[in-house]
Amino acid sequence: MKTLILNGSPRADHGNTQLFIDHFQSGLTRPLSVRYILRENPEKLALEMHDYDTILLVMPLYIHAMPGIVMKLFEKLKPHPTNHKIKIGFIVQAGFIESSTARFLEQYLSSLANRLNYTYLGTVIKGDAAACSILPHFFFGKLFKQLKALGAYYEKNGSFNPLLVTKLGYPVDLSKFQVRLLESPLVKRLNQIGWNWILKRNGCFENRFDQPYL
Ligand SMILES: Cc1cc2nc3c(=O)[nH]c(=O)nc-3n(C[C@H](O)[C@H](O)[C@H](O)COP(=O)(O)O)c2cc1C
């Protein structure tokens, strides 16, 4: 089973998508090849994808959708010229906590697979992942273990473990209690402190209210 992992993040190998891939790979006995959509010619990559049995595309959610570089690649994809049935699965990781925010993308991905006559392996959605590469790793110990288990299951079965897919997708929606908690002044203040720290670290704190398009 020849599998290719595609990293669909505009941050390529230094973002959260890469962390997801690394932890997925840690569950495998033999690492899979990884290519970075950002660094590829979409037309050439689309053709070369035909040489694989399975494609696993791992990407972040940007503005409730896929990153532009992933869209560019999709626009170049064509059904395989022979009867070779390619399998395709997706892992989408996002900042918002609830996985329902990626459901529209999931529907698109499933119909894209059908249109291309690929076998759709499903989409794993994991929210609350924006801080993976910012906070110390022990905050994400459980997630990293689940990703490792997802990798180990994939290597054995060539598919995503449905139980893990459900667990990673939790919560699908926020409860009223969670919404109230997120709206509380304390949580808002902590959030602001966190984001301001990131803005300062990137040297753009003073420009945070800029509106260049107005
Ligand atoms: C431009 C941009 C847009 C984003 N839009 C969303 C969004 O609509 N929903 C969401 O849950 N997270 C959103 N996020 C958060 C990312 O999905 C999250 O930080 C992800 O872990 C980034 O992965 P990366 O480091 O591989 O780019 C956005 C992040 C950026 C930079």
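The values are calculated or read from the model by the stated rules, or taken from the named source; none is laboratory data. Note that the structure is predicted; figures quoted are calculated from it, not measured. Glycine gets a Cβ as well: all are built from the backbone with ideal geometry, and neighbour counts include every protein chain shown. Surface accessibility is based on the protein's heavy atoms, side chains included, excluding ligands, DNA and RNA. Shrake-Rupley method; radii C 1.70, N 1.55, O 1.52, S 1.80 Å.
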Tell me, please, whether a residue that is among the aromatic types (F, W, Y), open to solvent by 40 Å² or more (accessible area, probe 1.4 Å) and assigned to a helix (DSSP H, G or I) can be found in the range 98-117. yes
Of (1) open to solvent by 10 Å² or more (accessible area, probe 1.4 Å); (2) more than 16 Å from the ligand (Cβ to nearest atom), D128 fails just (2)
Under 30 Å from L182 (Cβ atoms), away from the ligand (no atom under 16 Å from the Cβ) and either open to solvent by less than 10 Å² (accessible area, probe 1.4 Å) or assigned to a strand (DSSP E or B) (or both): is that true of G122 in this structure? yes
Where in the range 1-69 are there strands (runs of 3 or more DSSP E), lying fully within it, with 1 or more residues that are assigned by TED's automatic domain parsing to the domain that holds A131 and in contact (Cβ under 8 Å) with a residue 40 or more places away in the chain? 3-7, 54-60
Hey, does the range 72-92 have a residue that's assigned to a loop (DSSP other than H, G, I, E, B) and within 30 Å of V179 (Cβ to Cβ)? no
